[in-house]
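Contents: one structure, followed by commentary.
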Amino acid sequence: MLETLQHWLLLCSPWSSVPPVLIGIAFFRQYNRGGRILCIHLFIACIIDLSAQLLRFLNSNNLPLLHVYTLTEFILLYLFLEYHWNNFYPKRLLRSIATGFVTFSVINSLFIQNIYTFNSYARGLEALLLIIFSLLSFYRIFQDASVTAARQPVWIIAGILIYFSGAFTLFVLSNYILPLGVSLNFQIWAVHACLSIMLYVFISIGLWKMRKR
Amino acid sequence: MEDAQAIDVYLLLFAGTLLLLLLAASVVLFMFLHRRRLARQQAAMEAMQQSLQQEMLRRNLEELEGERKRFAEDLHDDIGGKLSALRLHLAQLQKGYLDAAEAQLLLNRSKEIIDTVIVTVRRISHNLLPPALEMFGLANAVEELGSWVNTSSALTVQMDCQLEGIMLDQKKELALYRIIQELFSNTLRHSQAHSIYLSLLPDHKELQLVYRDDGQGLDPALAATSKGMGLRNIEERVKVMKGKIRYNYEGKGFECVIRFSAN
């Protein structure tokens with residue numbers, strides 16, 4: 001029973017990005033700049049996910065795609081969150097941190113960790129930074145009581161926070177999990193699949209609420 | 001050894017994931033509850049504002065209808081009747097059946113009617129918008145009003161208006177005039193007072209209006225819960241002028257003190 005559940009979670013997880021992509025395509029023109037940035041991230045995520053599935057089907061190592069995905073995901077999610085901060089925080093400082101991460105991620109992929117292995121350092125740091133940025137976004141929303149709920153992407157930020165919080169330890173220990181055996185790996189990555197599905201469900205709800213009525 | 005290491009990694013992973021997930025879930029739950037409470041508060045405030053606006057609109061319409069009714073009654077009862085009588089007199093004179101004495105009598109009566117109509121028209125127009133306010137300013141208009149109250153009722157009015165060198169804009173002058181008119185009207189209708197004191201004096205960069213009568217005052221318990229339309233109108237005008245109003249009706253009489261910026 002548990003194994004069947006794990007199997008289905010791992011099977012469905014790559015497709016969970018499709019509903020928010022469809023919502024994004026349908027209402028793209030109605031979104032503000034932040035919404036459109038998120039839609040672009042979803043399109044790229046969907047393409048990379050499907051490409052990764054194709055490479056897996058062809059028995060090729062698809063981990064180089066993860067290195068690329070880490071960069072694009074971070075940049076686009078950062079820009080999405082920055083749009084909604086609306087200069088509440090010092091832009092220069094946060095952009096410097098973001099630029100620092102991008103530089104580190106590139107250096108990590110080129111010189112530190114092989115692109116055919118899991119980029120645990122970059123992925124772990126990305127998760128940590130996005131957790132912090134999500135908390136900053138929530139604080140901003142909490143402080144500014146004048147902004148109406150309809151204009152704030154609370155669902156999307158909640159999804160980002162829950163996903164990266166749940167997956168942080170997994171990303172950091174990912175290279176240590178591989179030697180633990182197939183069964184254990186399936187269990188652990190099934191948890192990640194569950195978190196991933198939850199993320200895209202939250203993003204779908206958020207995109208649906210963000211559209212102009 | 002390797003198994004022990006695997007268990008350590010597994011436990012670390014499990015504990016780390018669970019802890020962070022719980023923390024994140026708590027933050028998210030807190031945010032959603034906070035937003036829901038905020039939305040409820042905003043909805044309640046909007047409902048209250050809408051209700052207040054509707055109440056104000058209703059009161060304004062009531063006042064407008066009341067004034068129109070008074071105006072219509074004045075025109076119909078006073079002027080309409082008299083002009084009809086005047087027409088009858090002129091019709092009789094036109095026929096030429098009357099002798100000189102009777103014709104002279106009719107002419108005199110017609111003149112009296114015309115004089116009464118002129119006075120009535122002046123009174124109505126004065127009530128709507130006193131010419132003295134536009135032509136000579138607030139101090140003059142208030143003194144004229146006080147003088148009218150003095151002569152047309154059993155009240156003694158004592159006034160002290162010192163507005164020399166003070167330039168108020170037209171809206172403030174009209175608002176103040178209406179406030180004073182309302183205060184006089186309340187005293188005349190309800191208070192059974194014998195005397196009124198009114199002062200309008202500068203106090204640094206502000207103006208202070210003090211109105212006092214020696215009538216029966218207000219029942220404090222009643223005043224706290226339901227004020228008449230007159231007092232509410234006064235309060236609204238003071239609010240529009242961004243002024244402050246204070247009442248004193250304990251003991252005998254009624255006192256109202258209004259302060260506002262002279263700029």
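Observations
- Principal-axis tilt of helix A:182-210 within chain A, Cα atoms, nearest 10 degrees: 20
- R0 of 45 Å, Cβ-Cβ distance B:Gln49-A:Val18: FRET efficiency to nearest 0.05: 0.50
- Region B:178-194 - phi-based ³J(HN,Hα) in whole Hz, Karplus 6.51/-1.76/1.60, Gly and Pro as x: 5, 4, 5, 4, 5, 5, 4, 4, 5, 4, 5, 8, 10, 8, 6, 7, 10
- Estimated inter-spin distance, A:Lys209 and A:Thr117, nm [label 7 Å along Cα→Cβ]: 4.2
- At 1.306 mPa s and 10 °C, Stokes D of region A:42-86 from Kirkwood alpha-carbon radius, µm² per second: 138
- Across region B:10-19, rounded Karplus estimates of 3J(HN,Hα) from the backbone phi angles (6.51 cos²θ - 1.76 cosθ + 1.60, θ = phi - 60°) give 4, 5, 4, 4, 4, 5, x, 5, 4, 4 Hz, Gly and Pro being marked x.
- Other residues within the sphere of radius under 14 Å centred on the Cβ of B:Pro202, judged by their own Cβ, net out at -1 (K and R +1, D and E -1).
- Spatially proximal lysines relative to B:Lys69 (Cα-Cα < 24 Å; intrachain offsets below 8 disregarded): B:Lys82, B:Lys227
- With a 1.4 Å probe rolled over the protein heavy atoms of all chains, the accessible area of B:Ile179, A:Ile47, B:Ile113, A:Ile75 falls in the order A:Ile47, A:Ile75, B:Ile113, B:Ile179, largest first.
- Here the extension length gained between B:Ile7 and B:Asn140 equals 38.2 nm, from 0.36 nm per residue of separation less the Cα-Cα distance.
- Threshold 50 Å², region B:8-55 residues less accessible with all protein chains present than alone (1.4 Å probe): B:Val9, B:Tyr10, B:Leu13, B:Thr17, B:Leu20, B:Leu21, B:Val28, B:Met31, B:Phe32, B:Arg35
- Estimated distance in nm for a label pair at B:Lys244 and B:Arg37, the labels positioned 7 Å out from Cα along Cα-to-Cβ: 3.3
- Legend: calculated FRET efficiency, B:Arg59 to B:Asp169, from the Cβ-Cβ distance at R0 = 22 Å, rounded to 0.05, equals 0.35.
- Packing order of peptides A:109-120, B:89-100, B:34-45, highest average first: A:109-120, B:34-45, B:89-100 (average count of other Cβ atoms within 10 Å over each peptide's residues).
- Rg to Rh, two decimals, where the protein assembly as shown supplies the alpha carbon set and Rh follows Kirkwood: 1.34
- For chain B, the longest principal axis of the C-alpha atoms and the axis of helix B:138-152 are separated by about 60°.
- Per residue value of the accessible surface for the protein assembly as shown (all protein chains in place, 1.4 Å probe), Å²: 59
- Across region B:197-214, coupling constants 3J(HN,Hα) worked out from phi with the 6.51/-1.76/1.60 Karplus curve, θ = phi - 60°, read 10, 9, 10, 9, 10, x, 9, 6, 8, 10, 10, 10, 9, 10, 10, 9, 10, 10 Hz, and Gly and Pro carry x.
- Cα centroid separation, region A:160-176 to region A:1-68 (Å): 18
- Close amide H partners of B:Cys161, meaning residues 5 or more places away or on another chain with modelled amide H under 5 Å apart, are B:Leu200.
- Those residues of region B:86-113 whose amide nitrogen sits under 17 Å from the label point placed on B:Ile124, 7 Å along Cα→Cβ: B:86-87, B:113
- A:Phe88-B:Gln104 FRET efficiency (beta carbon distance; Förster radius 60 Å; 0.05 resolution): 0.10
The values are calculated or read from the model by the stated rules, or taken from the named source; none is laboratory data. Everything numeric in this text was worked out from a predicted model, so none of it was measured. A quick note on method: Cβ atoms are made from the backbone with ideal geometry, for glycine too, and the neighbour counts reach across all protein chains shown. Please note that ligands, DNA and RNA were not included when accessible areas were found on the heavy atoms of the full protein model with its side chains. Shrake-Rupley method; radii C 1.70, N 1.55, O 1.52, S 1.80 Å.
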